[in-house]
Structure formats: C-alpha cells, structure tokens
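> What follows is a single structure, and I will ask about it in a moment.
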Amino acid sequence: MSNLRLPPLHPGEVLREEYMKPYGLTPYKLASMCRIPRTRIERIAREEVGITADTALRLAKVLRTTPVFWMNLQTRYEVEKAKAERAVEIDQLKEIDPTLATA
C-alpha cells in the first residue's frame, strides 16, 4: 500500500462541489442569500481563505446544515495542513510522563 496522502480537504471544495454546483448557485446568489460580500464566497470557493464563525452561521442557515459542520471542516483542514507542514518538528516533541503527576 502506498504512503501517498491526499491533500487536506478545504471547506471551499465542499461548498463548491456539494452545494454551489448541485444547486446552481453562483457566488453572487449565495452571497446575496447569506448577506455577505460576493468576494468572500468567491475566495472560499477558490480555497484562498477559510470559513469564519460568522460565515459558518450564515452558510448553515441558508444551506440547511449546521455551523459546526462548517467549523469542523475548517478545523480539520487547518490541523491536517499543519500536521503535514510540521510533521518532523512535532515528531521530535517529547510526551509528558504521566507518573510525574501529583495528586
């Protein structure tokens, strides 16, 4: 089995592929429905920026999902990206010794 890993899934890809394309939503239409700038939707869909809590709340309402869905996608993306970028450094960290804990 190969050790090749897929790049982390950006929430913008989910927005674009699972919501905008199937529902025929343009960035302008979705932004209007969310009452946010069109450029915010465009940058998210192009995977240039992430999803903020404010955007998550708005997307959740309009697209009938939950804010946690969008925030979990964003968090997972950021963690996976950081893990890939810092793997060597993180692997060198030492874990705490649980026997050192005081009661």
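Values quoted throughout were computed directly from the atomic coordinates according to the rules given, and no laboratory measurement underlies them. None of these values were measured; they are calculated from a predicted model. Heads up, the Cβs are rebuilt from the backbone with ideal geometry, glycines too, and the neighbour counts pull from every protein chain shown.
> Check each of the GluC sites (Glu not before Pro) in region 1-57 and keep only those in coil by DSSP with at most 16 other C-beta atoms within 10 angstrom; list them in order.
On the way: sites: GLU13, GLU17, GLU18, GLU42, GLU47, GLU48; in loops: GLU47, GLU48.
Filter output for region 1-57: GLU47, GLU48.
> Evaluate the relative contact order of region 47-103 (contact order divided by residue number), counting alpha-carbon pairs under 8 angstrom at least 6 apart; express in whole percent.
Working: 23 pairs, mean separation 12.7, N = 57.
Answer for region 47-103 is 22 percent.
> Using the Kirkwood formula over every pair of different C-alpha atoms, what hydrodynamic radius in Å results for the chain? Intermediate results must be reported in sequence, preceding the final value.
On the way: mean 1/r = 0.0636 Å⁻¹.
For the chain, the Kirkwood estimate is 15.7 Å.
> Here is a further query. So how much slack lies between LEU9 and THR26, counting 0.36 nm per residue of separation and subtracting their Cα-Cα distance, in nm? Before the final figure, lay out the partial values.
Details: separation 17, 0.36 × 17 = 6.12 nm, distance 2.11 nm.
Between LEU9 and THR26, full extension yields an extra 4.0 nm.
> Calculate the dipole size of region 45-103 relative to its Cα centre from +1 charges on Lys and Arg beta carbons and -1 charges on Asp and Glu beta carbons; express the result in debye to the nearest 20. Before the final figure, lay out each step's value.
Working: 9 positive and 10 negative charges, 92 e Å.
The dipole of region 45-103 has a size of about 440 debye.
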